[in-house]
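Notes to accompany the following structure.
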Amino acid sequence: MNISQIAEKGSPKSFLTLHEDPAVQEKGTLAPRAYFVPFAPTQRIGTPREKSERLELLNGEWEFEYFDSVIDLPDRFTEMPFTKCIPVPSNWQLHGFDKPQYTNVNYPIPFDPPFVPDDIPVGVYRRRYLNKSDGMSKILVFEGADSCLYLFVNGRFVGYTQVSHRMTEFDLTEHLREGENSIVCVVLKWCDGTYLEDQDKFRLSGIFRDVYMLSRPAGAVDNYRVCADMSGEITVEVTGASAVVELYDGDTLICGGKAEEGNAFTAKIDEPKLWSAECPYLYTLVLKTDDEVIYDRVGFRTVKIENGVFTVNGKKVKIFGVNRHDSYPDTGYYADEAKMRRDLELMKAHNINAVRTSHYPNAPRFYELCDEYGFYVIDEADIESHGCVNVYQNLRWDREGGTYNGIALTASDPMFREGILHRHRLLVKRDINRPCVVFWSLGNESGWGTNFREGAQLVKSLDSTRPVHYESTHCLDGTPDDVLDVVSEMYTSVEGMQEFLQKEGEKRPFILCEYSHAMGNSSGDMEDYMQMFMSDDRFIGGLVWEWCDHAFPVGEDENGVKYGYGGDFGELHDDGNFCCDGLVYPDRTPHTGLLEVKQVYRPVRVVKRGGEYYMQSKLHFVSAEERYELRANGEVIGFELPPEGECKVVLPDDISGDSIKFTLNDRRDGHEVCFDQFLLSEEDISPAKTSANVEDVIENGLTFEVRAGGARFVFDRRKAEFTVIERGGNILEKPMAFNFFRAPTDNDTMRGDWDRLYMRSPAVKVYETVLTREDGCAVIRAKTAYGRSIFAPFARVDAEYRIDGEGRLTITASLDADDEKLAVLPRFGLRLFLDKAYDTADYRGYGPTESYIDKHQACRYGDHSAKISQLYEPYLRPQENGSHWGTKRLKVSGGRNEIVITSAEGLSFSLSEYTQEEMASKRHRFELEKCGYSVLCADFAMAGVGSNSCGPLLMEKYRVPLKGGRWSMTIEVR
Ligand code: GAL
Ligand code: MG
């Protein structure tokens, strides 16, 4: 519906015609410029921007009206009575208007560019603005509005902007009158830009970033550009006016001069202190004009790709990064400075050195903070048109068959040329002065074509000092992608990376812009990727997908906020919990995966060679001893470790214990940066030999009964399970059975196979059960198979149960599983339902947080103790959690007895108030019901977690061996 046809001629509504016109990306706006804030000449260097006398923050409660359809908007909406309020910045879906929708790839609207549905939800904002004319220009700045914004001042149309994550400026000088003014913004949920903004996230709308008015005097600069490199050379170009330039190191003036339009200021300083993520040294730039001063921070640094290797200041720096979205459970897309700082501080504390602003530019302040804290930033344009793959492909992806190339529908389409180029232009123009930005990224998952090729060339023409990144090179028309400076992939397997190095003719370096998909119980492959990154200089490193879980409150209960994800908001279509794939929970509580990341990304590692210990540094610019304190088993050890170097660790003579634990603490704030542990000796945990004999063995039709050392056992021959293990009372609330299933993790993409095989509740076939007496022990041997219908049994087990004279039960089992129907068997072990009084686990294994065969870098081997509630890891969507791999001894207590389980080879155990069936059947953690027992799983083997929700299949070495495995454990009830 063309609004101008239904609106009264000349009315405010009649201006709403630009959002279906891809040739118009903006109207009445100022030319894009680098982000900066002006100050009054009297204001001190370092004054925060909110304190600038030249900036008036307009955040706060604005008047608001919401319409389900733009068609319903009154013609003269600028004069309508406003009855509601909304905070600015915010997303209106989080304030009772409209609903959030979580969709990943699929577009939320029909694909019909440049048109969008007639019924576009609309938010109309009004703010009264008191104007005191002071001779200065009044510039209204929006740092972000989704998806587009029409601006009216005092009822008159001023301008239009789209591209949700851009900064837009309107010069209101001519539109404002003395005294009270009315600023009205019409924000539409969709516009033609929606086709280019199909990022995988909750779809929210509104003015979601800061809004402010700048006062700019005549004779102020319009824009400036700073270049400062590792040679110490600095260039400052200005436009619009001449300015006095001063460069300070702290309070000391280093150099200064004048910059004029077309005549840049240049200087060369001696021995500049360079900027890097490790040492984010910043100088202060001051630009003075007659009645204005601009402060900025400058980092001297050089980013290059030379001979296929990425370097920062000449060093082969690796990216150990994370992808970050703007997503907060309380404020949606809005991150205030405190929230940005919190994210960055958490990242820093977890050894992360890089951020990809997936998949749009973040708020401008974010980059200043990255300069300050020290992060390498891959700054990404506001582009994704992933939904194209599902438009004409019969809703089917087929990468090999080439139909996935449908992703590139917009990539060469002239209709989108301006939209794509403009987004590239806006990206570079705004952030060009930020030292933290080391790559320009052309966007995400939009395919490749002429629009992107031109975009890459535009980016290069605007800035030749940074390489250009883009991942999505699937193409419909053979446009060459040689303008890209790196080869970027996502979710490539470790072997796939190896193959990259063999590619003939390919000379560029390689980056994994997304890897180790951190969805649910994940991050199982971090160390394998790290080994690969370090194996070749052409590997730049990678960025974990992603920083945070996206979720919004849907209520509260005694455990706190109930988080909802896709499907919980009455969406037409959604992608479930695929948005809960971060390293931190929505409230920024770290997932165990973040701890894994921290340890794998550690800057210094200790290795053992020929009985000696050596420290190896991954730092490029600082000597490790300047920053860190080393302890070995708690004792401080002196060391000197130059950048990229290695040094021997001189241990004190009296160092003792079963293991040496090296810990590195940050000297500045004391936090533990990382550790390395080496086991020296291991106590023999096998049960002491006994001369005692089993007392009694009774074969009783369907049961075997054994009495030994004060304990009694009853074995049910029909099911080949123990029904009684007692010493003063049966500990088994249900028969102790073999267990193959686990509540699927988000990465258990093969869970469908498990269900087809009825793995949750298989029937047991017993071929034989035989009881003998051997060496004073009672020995039961059972041959069984597990399956339920349709197929051959998925597992066959030969088990031996040996009860000695002390009443200790040693179970030895071998497994023969169906390797045709099963790629991954979740687990193989025993499950015991205990009285819920058994609530404490003391164990020697990998803890204190959950550990798996492929996820235990962050865990220490040793003695740990935990309550059952502490062993639970509350993933938003319930799934396998809280297991402890490599456990050699476990004691479960709290009930009548103590249950001790030992295993020389180490087992995986979990102790939970929830059954795996319960966790597998509930969508949210807040729906979980306790089963009334303590469920003890003692697993001979437990599959790793991997990251297959988006990444490659679990590596072979982390799977439960389907054939040929033989394990044992001993259970003793005391
Ligand atoms: C990638 C995409 C990300 C995210 C991820 C899955 O393909 O670039 O935006 O959707 O998959 O979580
Ligand atoms: Mg996508």
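Here are the numbers for the structure shown:
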item	result
Among the candidates Asp431, Asp481, Asp477, residue that is under 19 Å from Val355 (Cβ atoms) and not small (Gly, Ala, Ser)	Asp431
Meets criteria (under 41 Å from the mean Cα position of the chain (by Cα) and buried (at least 21 other Cβ atoms within 10 Å of the Cβ)) for Asp753	no
Answer residue from the stretch 78-102, given it is in contact with a helix residue (DSSP H, G or I) (Cβ under 9 Å, 6 or more places away or on another chain) and open to solvent by less than 30 Å² (accessible area, probe 1.4 Å) and is farthest from ligand 1 (Cβ to nearest atom) among those	Thr78
Single match in Ala920, Ala904 (criterion: out of contact with any Cys (no Cβ under 6 Å at 6 or more places or on another chain), closer than 25 Å to Met519 by Cβ and not aromatic (Phe, Trp, Tyr))	Ala920
In the stretch 3-31, the residues that are under 41 Å from the mean Cα position of the chain (by Cα) and in a loop (DSSP other than H, G, I, E, B)	Leu16, Thr17, Asp21, Pro22, Ala23, Val24, Gln25, Gly28, Thr29, Leu30, Ala31
Scope the stretch 271-293; condition surrounded by 21 or more Cβ atoms within 10 Å (Cβ to Cβ) and of a type outside the set (D, E, K, R); matching residues	Pro272, Leu274, Trp275, Ser276, Ala277, Tyr283, Leu285, Leu287, Thr289, Val293
Out of His517, His573, His550, sole residue that is within 16 Å of ligand 1 (Cβ to nearest atom), buried (at least 24 other Cβ atoms within 10 Å of the Cβ), modelled with pLDDT of 95 or more and over 19 Å from His350 (Cβ atoms)	His550
Qualifying strands (runs of 3 or more DSSP E) (wholly inside the stretch 32-94; at least 3 residues being more than 30 Å from Lys429 (Cβ to Cβ) and touching a Gly at 6+ places or on another chain (Cβ under 8 Å))	60-67
Residue check, Leu594 buried (at least 24 other Cβ atoms within 10 Å of the Cβ), away from ligand 1 (no atom under 16 Å from the Cβ), in the same structural domain as Ala349 (by TED's automatic domain parsing) and not in a strand (DSSP E or B)	yes
Near pairs, Cβ below 6 angstrom, 6+ apart or cross-chain, from the stretch 230-252 (outside the structural domain of Lys268 (by TED's automatic domain parsing) and at pLDDT 95 or above) to any residue that is in a strand (DSSP E or B) and open to solvent by 30 Å² or more (accessible area, probe 1.4 Å)	none
Matching residues, the stretch 108-148, being assigned to a loop (DSSP other than H, G, I, E, B), within 19 Å of Asp68 (Cα to Cα) and touching a residue at least 40 places away in the same chain (Cβ under 8 Å)	Pro108, Ile109, Phe115, Val116, Pro117, Asp118, Asp119, Ile120, Pro121, Ser147
Single residue of Asp676, Asp716, Asp666 found to be at pLDDT 95 or above, open to solvent by less than 50 Å² (accessible area, probe 1.4 Å), touching a strand residue (DSSP E or B) at 6+ places or on another chain (Cβ under 9 Å) and under 30 Å from Phe738 (Cα atoms)	Asp716
Test result for Asp75, surrounded by 15 or more Cβ atoms within 10 Å (Cβ to Cβ) and in the same structural domain as Leu188 (by TED's automatic domain parsing)	yes
Checking Glu178 against (1) out of contact with any helix residue (DSSP H, G or I) (no Cβ under 8 Å at 6 or more places or on another chain); (2) open to solvent by 20 Å² or more (accessible area, probe 1.4 Å); (3) touching a residue at least 60 places away in the same chain (Cβ under 8 Å), the condition it does not meet	(3)
Options Glu898, Glu873, Glu880: the member that is of a type in the set (D, E, K, R) and in contact with a His (Cβ under 9 Å, 6 or more places away or on another chain)	Glu873
Among (1) aliphatic (A, V, I, L, M); (2) more than 27 Å from Glu571 (Cα to Cα); (3) surrounded by 17 or more Cβ atoms within 10 Å (Cβ to Cβ), the one test that Val70 misses	(2)
Within the stretch 771-796, tally of residues that are open to solvent by 60 Å² or more (accessible area, probe 1.4 Å) and touching a Ser or Thr at 6+ places or on another chain (Cβ under 9 Å)	4
Those residues of the stretch 323-348 which are open to solvent by 30 Å² or more (accessible area, probe 1.4 Å) and either not acidic (Asp, Glu) or not assigned by TED's automatic domain parsing to the domain that holds Val377 (or both), in sequence order	Thr331, Tyr334, Ala338, Lys339, Arg341, Arg342, Leu346, Lys348
Single condition Val105 does not satisfy, out of (1) more than 16 Å from ligand 1 (Cβ to nearest atom); (2) assigned to a loop (DSSP other than H, G, I, E, B)	(1)
Residue within the stretch 203-226 that is within 16 Å of ligand 2 (Cβ to nearest atom), surrounded by 24 or more Cβ atoms within 10 Å (Cβ to Cβ) and at pLDDT 95 or above present	yes
Verdict on Gly701 being at pLDDT 95 or above and either surrounded by fewer than 18 Cβ atoms within 10 Å (Cβ to Cβ) or closer than 17 Å to Glu612 by Cβ (or both)	no
Selection within the stretch 434-455 - under 22 Å from Gln199 (Cα atoms), away from ligand 1 (no atom under 16 Å from the Cβ) and surrounded by 22 or more Cβ atoms within 10 Å (Cβ to Cβ)	Val437, Trp440, Gly449, Asn451, Gly455
Selected residue (only one of Arg127, Arg49 is more than 35 Å from the chain's Cα centre (by Cα), away from ligand 1 (no atom under 16 Å from the Cβ) and outside the structural domain of Gly555 (by TED's automatic domain parsing))	Arg127
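The values are calculated or read from the model by the stated rules, or taken from the named source; none is laboratory data. Note that the structure is predicted; figures quoted are calculated from it, not measured. Because the Cβ atoms are built from the backbone with ideal geometry, glycine has one as well, and the counts that use them run over all protein chains shown. Just the protein is used for accessible areas: all its heavy atoms, side chains included, with ligands, DNA and RNA removed. Shrake-Rupley method; radii C 1.70, N 1.55, O 1.52, S 1.80 Å.
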